[in-house]
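Trainee: One structure follows; several queries about it will come next.
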Amino acid sequence: MHGFPPAPESRVTLENWRRSPFNRWSFQHVRELVPSADIPNDPAAGWPLPSDFIHMDALAIPADGGRVLAFD
């Protein structure tokens, strides 16, 4: 949004705030558009997520028509 007040066609609203080009401004000013609150965290109280490494060659994604997409 440029100028004050911004022209009606360039105003960021709840209807257009997630679409380009309005999202460039709105993602940096979300608190001015949508009610939000800080949620504190405690890194010491977090739970580790389990993980297991896989070879990317073994990754296959089912696709339409019975095809399988390989990662490569």
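The values are calculated or read from the model by the stated rules, or taken from the named source; none is laboratory data. Note that the structure is a prediction, hence the values are computed from the model and not measured. Heads up, the Cβs are rebuilt from the backbone with ideal geometry, glycines too, and the neighbour counts pull from every protein chain shown.
Trainee: Condition (residue is free of Cβ contacts under 8 Å to residues at least 60 places away in the same chain and more than 25 Å from the chain's Cα centre (by Cα)) applied to segment 36-44: is it met by at least one residue?
Mentor: yes
Trainee: Find the residue count for segment 38-49, including only residues that are at pLDDT 90 or above and either closer than 30 Å to His2 by Cβ or among the charged types (D, E, K, R) (or both).
Mentor: Looking only at that region, the number is 1.
Trainee: Any idea how many residues of segment 24-61 are over 16 Å from Arg11 (Cα atoms) and either assigned to a loop (DSSP other than H, G, I, E, B) or of a type outside the set (Gly, Ala, Ser) (or both)?
Mentor: 23
One line per residue, one yes/no per condition, for (1) out of contact with any Cys (no Cβ under 7 Å at 6 or more places or on another chain); (2) among the basic types (Lys, Arg); (3) at pLDDT 90 or above:
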| site | (1), (2), (3) |
| --- | --- |
| Met1 | yes, no, no |
| Pro6 | yes, no, no |
| Arg18 | yes, yes, yes |
| Gln28 | yes, no, yes |
| Arg31 | yes, yes, yes |
| Ser51 | yes, no, yes |
| His55 | yes, no, no |
| Ile61 | yes, no, no |
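Trainee: Suppose we filter segment 4-30 for residues that are charged (D, E, K, R) and either surrounded by 10 or more Cβ atoms within 10 Å (Cβ to Cβ) or in contact (Cβ under 8 Å) with a residue 12 or more places away in the chain (or both); how many remain?
Mentor: Qualifying residue count, segment 4-30: 4.
Trainee: Another question about this same structure. Given (1) out of contact with any Phe, Trp or Tyr (no Cβ under 9 Å at 6 or more places or on another chain); (2) loosely packed, with under 10 Cβ neighbours inside 10 Å; (3) not aliphatic (A, V, I, L, M), identify the lone condition not met by Asp57.
Mentor: The number of the failed condition is (1).
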